[in-house]
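Notes follow the structure.
The values are calculated or read from the model by the stated rules, or taken from the named source; none is laboratory data. Remember, it's a predicted structure, so these values are computed and weren't measured experimentally. Methodologically, a virtual Cβ is constructed for each residue, glycine included, from the backbone with ideal geometry; neighbour enumeration extends over all protein chains shown.
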Amino acid sequence: MGVYLNIPIAVLALIATPALMPAGGNRPGSLDLAGALTVTGGLAAAVYAIVRAPQAGWNSASTWLTLAGSVVVLAAFLAIQARRRQPLIRLGIFTSRNLTAANLAQLLLGAAWIPMWFFLNLYLQQVLGFSAFPSGAALLPMTVLIMVGMIVLAPRAIARFGTRATLVAGLAVLAAGLGWLALIRPTGSYLTDVLPASLVAALGMALAFIPSLGTALSSARPEEGGLASGIVNTSYQIGSALGLAAMTALAAANGADALGDPAALTSGYSAALFGAAGIALAAAVLAAITLTSRDGTPAAAQPENTSATR
């Protein structure tokens, strides 16, 4: 039922857009249909192979052929982008180290965050016995904290400690929250096993999302702000799909397919949450290593407060 609430919101947004959005200039261009088809097909094949791997087998020919096909199609996409005058993605944009680092952070952030929502809902419903509406309401405190964190806490942290420090700390806090959530028990409760850890994870998400997004957008040329926005959003969505597919396979391998067995289900969900925590921790380490100042100097060599303007 909650999905249908999006429809009137979308209609209102469409009605208000012509009046509220400024008119943009028209620029001649062409549709990169080949690029759109190859990047979509390659990514879809990769996700499909990972999702199907638990049933087909990781060593099966179909799994590896699908993954190989994904690599070939994505390689074709890169070749198309390199040759077109007006590509879907100008590959030279990735020469900005900060933009690439921020997109990597967003990809791994999605790979850690989305599986947490999925498996936490399953735990609440299939182990703790919540129905659909109460399980959704149980996650509302996370949503509220994320909103407050993104609007109030993250900007203040960036101004005080810098972009890099806020991003790394946010990813580390997210990893800690996910690791805490992974300690769920078959006989657990919402107040002790879910709520405190979920709030820690939500705080980490809020602190990580804003600086990684801001860094990606500010690292592109002014005229390529839309392209940078599209790339970073795509990175997050790709990470979400691949992370959920991988963590689903991990959960199934650890008992999450044993419906009706709370102990086995909890074991599988716990494994997926531990996997998500590992992804978030890897993202924190990579962000600390790869994020640089605007001139290419490693951020560790610069005063942290200067990174707030990047």
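If you go through region 125-161 and keep only what is under 22 Å from the mean Cα position of the chain (by Cα), within 15 Å of LEU273 (Cβ to Cβ) and assigned to a helix (DSSP H, G or I), you end up with just MET142.
Inspect region 294-306 for any residue being over 23 Å from THR187 (Cα atoms) and either at pLDDT 90 or above or crowded, with 20+ Cβ neighbours inside 10 Å (or both) and give the result as yes or no. Taking every residue of region 294-306 in turn, at least one turns out to be over 23 Å from THR187 (Cα atoms) and either at pLDDT 90 or above or crowded, with 20+ Cβ neighbours inside 10 Å (or both).
Restricting attention to region 48-66, which residues are aliphatic (A, V, I, L, M) and either surrounded by fewer than 17 Cβ atoms within 10 Å (Cβ to Cβ) or in contact with a strand residue (DSSP E or B) (Cβ under 6 Å, 6 or more places away or on another chain) (or both)? Correct list: ALA56, ALA61, LEU65.
Would you confirm whether or not region 86-97 contains a residue that is under 30 Å from LEU265 (Cα atoms) and of a type in the set (Phe, Trp, Tyr)? So far as region 86-97 goes, no, none of its residues is under 30 Å from LEU265 (Cα atoms) and of a type in the set (Phe, Trp, Tyr). Within region 255-270, the set of residues being modelled with pLDDT of 90 or more and surrounded by 19 or more Cβ atoms within 10 Å (Cβ to Cβ) comprises LEU265, THR266, GLY268, TYR269, SER270.
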